[in-house]
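Student: This is the structure I have questions about; it appears just below.
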Amino acid sequence: MLALVEFVSGLALLILGAHQLVGGASALARGFGVSPLVVGLTVVAYGTSAPELAVSVQAALDGSPDIALGNVVGSNVCNVLVILGLSALAAPLVVTPRLLRLDMPLMVAASALVLVFALDGALSRVEGIALLAAAVAYTAYALLDARRGRGAPADGEAAPVESRGRSLLRMLVGLAMLVLGAHWLVEGAVLAARWLGVSELVIGLTVVAVGTSLPELATSVVAAWRGERDIAVGNVVGSNLFNLTTVLGLALTVAPAPIVIAPQTLAFDLPVMVAVALVCIPVGMSRMRFDRLEGGLLLATYALYVVLLALRGTGHALAPQPWAAALALGTALLLPSWLGWRTR
């Protein structure tokens, strides 16, 4: 009961805190004339990824590295398969040339880099600092790109009427709620994992990952429904980049020891994360958008992913070997990829 109360309370604080943080940050950014795509890739993406940041860093400090890593990997898989899938079902999503040329390839490269770092069986503080440096470089480029005027708002687009002081206050309140909510969520998840006999890695890959991805889900689906489709796609791509570079990088930097990579994580979870990032490019090339059919296929793939994780986490007799599970999920991802190339 204590685990349930802590988990639900922490999740509620995370969602409410992210809402305040994103609302205040978006108002400030738009007040400076930044385009919806740049806002989605940076301010909104970073704001909605604040729960992942708070949870993973808190987990690393509390000595729960499996939750820290599982949260990042699971959130990135959830962001693409669930959030893009549901958003595309709400309304077909527009993919801009910049996303295909720069941001999506960078998301794939960052995913592959984490996999390469993990090949020796651990993720170290030095590798975390390298990921943080990549985050600084990407953010600096995005800000310079916005200043050069490439992402200037369309004529007639009005910025929200809100004072900068009020926006800043909303951001600070949201951040405080996120920190407290992350602490409760991690404690509740660890207690639940031990009580149920399920590994912390599986809990991090599923329950915690989906819970901390709810702000991205709400933001992207509502943005798609309201016609702000640049924000919907940019939020997912930017959030995944932030998770891989800033969230994981900071967690590795503050962790008291390197995060040891389990063999099944190296054989299944990390390759799946890379494959899910890679699938965005051919799917996005289908008439430069994500259609409803492709969105449905992404959701179906996530359902298969959860089934495979559940079988593995419970030690069921039907649980496939990691390489076989990765092969099954990779085969499922080929269908939306094939549709993307076929309708290009």
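The values are calculated or read from the model by the stated rules, or taken from the named source; none is laboratory data. Everything numeric in this text was worked out from a predicted model, so none of it was measured. Cβ placement follows ideal geometry from the backbone for every residue including glycine, while neighbour counts extend to all protein chains displayed. Each accessible area value is taken on the protein alone, full model and side chains, heavy atoms only, with ligands, DNA and RNA left out. Shrake-Rupley method; radii C 1.70, N 1.55, O 1.52, S 1.80 Å.
Student: Could you go through the stretch 102-108 in sequence order and give the Karplus-derived ³J(HN,Hα) for each residue, using 6.51 cos²θ - 1.76 cosθ + 1.60 with θ = phi - 60°, rounded to whole Hz, and x for Gly and Pro?
Tutor: Per-residue couplings from phi come out as 10, 6, 5, x, 5, 5, 5 Hz.
Student: A follow-up question, please. Compute the length gained on full extension between residue 195 and residue 225: take 0.36 nm times their separation in residues and subtract their Cα-Cα distance, giving the result in nm to one decimal.
Tutor: 6.8 nm
Student: Report the calculated FRET efficiency for residue 116 and residue 137 (r = Cβ-Cβ distance, R0 = 22 Å), to the nearest 0.05. Don't jump to the answer; show the numbers that get you there.
Tutor: Values: r = 18 Å, r/R0 = 0.82.
For R0 = 22 Å, the calculated efficiency reads 0.75.
Student: If the chain between residue 173 and residue 125 were fully stretched, how many nm would it gain, using 0.36 nm times the residue separation less the Cα-Cα distance?
Tutor: Additional length available on full extension: 14.2 nm.
Student: Please list 52, 6 from largest to smallest accessible area, probe radius 1.4 Å, with all protein chains kept in place.
Tutor: Values: 52 0, 6 30 Å².
Most to least solvent-accessible, the answer reads 6, 52.
Student: Additional query: With a 1.4 Å probe and all protein chains in place, put 302, 141 in order of accessible area, largest first.
Tutor: Output order, biggest surface exposure first: 141, 302.
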